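The values are calculated or read from the model by the stated rules, or taken from the named source; none is laboratory data. Note that this is a predicted model, so its numbers are computed, not measured. Counting neighbours? That spans all protein chains shown, and the Cβs are built from the backbone with ideal geometry, glycine included.
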Ligand SMILES: Cc1cc2nc3c(=O)[nH]c(=O)nc-3n(C[C@H](O)[C@H](O)[C@H](O)COP(=O)(O)OP(=O)(O)OC[C@H]3O[C@@H](n4cnc5c(N)ncnc54)[C@H](O)[C@@H]3O)c2cc1C
């Protein structure tokens, strides 16, 4: 199918983008276009105006500052895959990126676009949540920062309003004590996952502290499994602790059926994912 007719405007600065978004009630930001154009072609959306942010200077950088990694809104997924900074200081993102679609998609798709789109089965929103990251936003009222825990509101709904531009993602830079885990089940490599899990923790002797478990593909947003996080945190990570964390998932997740799998299958997969990720967090891979 072809999209309904729309107007197009090239934004030359962030202020210009915000002004353009204010000119049309159904305007949309155009970043890599890898989700937006599919949505338009399938006529799931029919915006009156696309505001192209690809020509705004300064949004395509990845840098480390003050113990954090900042990723600009125009950093492409494949650019991040090749980045030494991401490989060293954002290992969870590095593990997740190759699972997103295929290289042609990652050559255009941005990390920020994936987070702004907030597909509940997407890898990067869950990574942002597992990392306790934040996003910078500019809108008609100026700039603000939203924490990942407050950003994902509902199915494809975030703290962004239609007049906002997400300008950067920030995550804590990994240290020697950082542990990360990432696993997903997909029917074919590159498909959206039936269920997946992104996780972070701080190593403490033989134990783990500050465990954060963010599931994707199991609800209307990425979902933190807070009971399982508490059960997995502790001095020694043994089989009993892993089993307790898997049991605790009953209080965290209630996956609905979808076209990929039933809720019951997803619930079972969530436990399998947790066992695999727990091993990664303990450094066993
Ligand atoms: C065949 C195929 C397979 C795919 N498989 C996967 C997969 O397995 N996993 C996965 O996670 N993704 C997958 N994707 C989606 C891909 O990762 C997209 O690149 C990503 O979801 C959106 O990034 P984008 O830069 O292309 O954003 P766009 O498509 O340009 O925009 C997506 C949405 O976010 C908004 N938006 C984008 N950037 C901003 C911003 N800076 N500020 C405010 N709003 C913004 C747009 O207005 C739009 O609503 C797939 C896509 C295709 C076509």
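List of remarks:
- Residues located in segment 134-144, provided they are surrounded by fewer than 24 Cβ atoms within 10 Å (Cβ to Cβ) and in contact (Cβ under 8 Å) with a residue 24 or more places away in the chain: 134, 136, 137, 138, 139, 140, 143
- Residue-level analysis places residue 202 among those that are surrounded by fewer than 21 Cβ atoms within 10 Å (Cβ to Cβ), assigned to a strand (DSSP E or B) and on the phi < 0 side of the Ramachandran plot.
- Residues that are more than 14 Å from the ligand (Cβ to nearest atom), in contact (Cβ under 8 Å) with a residue 40 or more places away in the chain and part of a loop (DSSP other than H, G, I, E, B) within segment 3-12 comprise 4, 12, listed in sequence order.
- Positions within segment 13-48 being touching a helix residue (DSSP H, G or I) at 6+ places or on another chain (Cβ under 8 Å) and either away from the ligand (no atom under 11 Å from the Cβ) or farther than 21 Å from residue 73 by Cβ (or both), in sequence order: 46
- Residue within segment 97-113 that is near the ligand (Cβ under 6 Å from one of its atoms), surrounded by 21 or more Cβ atoms within 10 Å (Cβ to Cβ) and part of a helix (DSSP H, G or I) present: yes
- Here 180, 221 are screened, and the one residue that is within 16 Å of the ligand (Cβ to nearest atom) and either in contact (Cβ under 8 Å) with a residue 60 or more places away in the chain or not in a helix (DSSP H, G or I) (or both) is 221.
- Residue 210 being surrounded by fewer than 18 Cβ atoms within 10 Å (Cβ to Cβ), modelled with pLDDT under 95, out of contact with any helix residue (DSSP H, G or I) (no Cβ under 7 Å at 6 or more places or on another chain) and not in a helix (DSSP H, G or I): no
- In segment 121-131 there is no residue that is part of a strand (DSSP E or B), touching a helix residue (DSSP H, G or I) at 6+ places or on another chain (Cβ under 9 Å) and either more than 15 Å from the ligand (Cβ to nearest atom) or farther than 29 Å from residue 206 by Cα (or both).
- Residue under evaluation residue 161, criteria (1) surrounded by 15 or more Cβ atoms within 10 Å (Cβ to Cβ); (2) over 23 Å from residue 260 (Cα atoms); (3) within 10 Å of the ligand (Cβ to nearest atom), criterion not met: (1)
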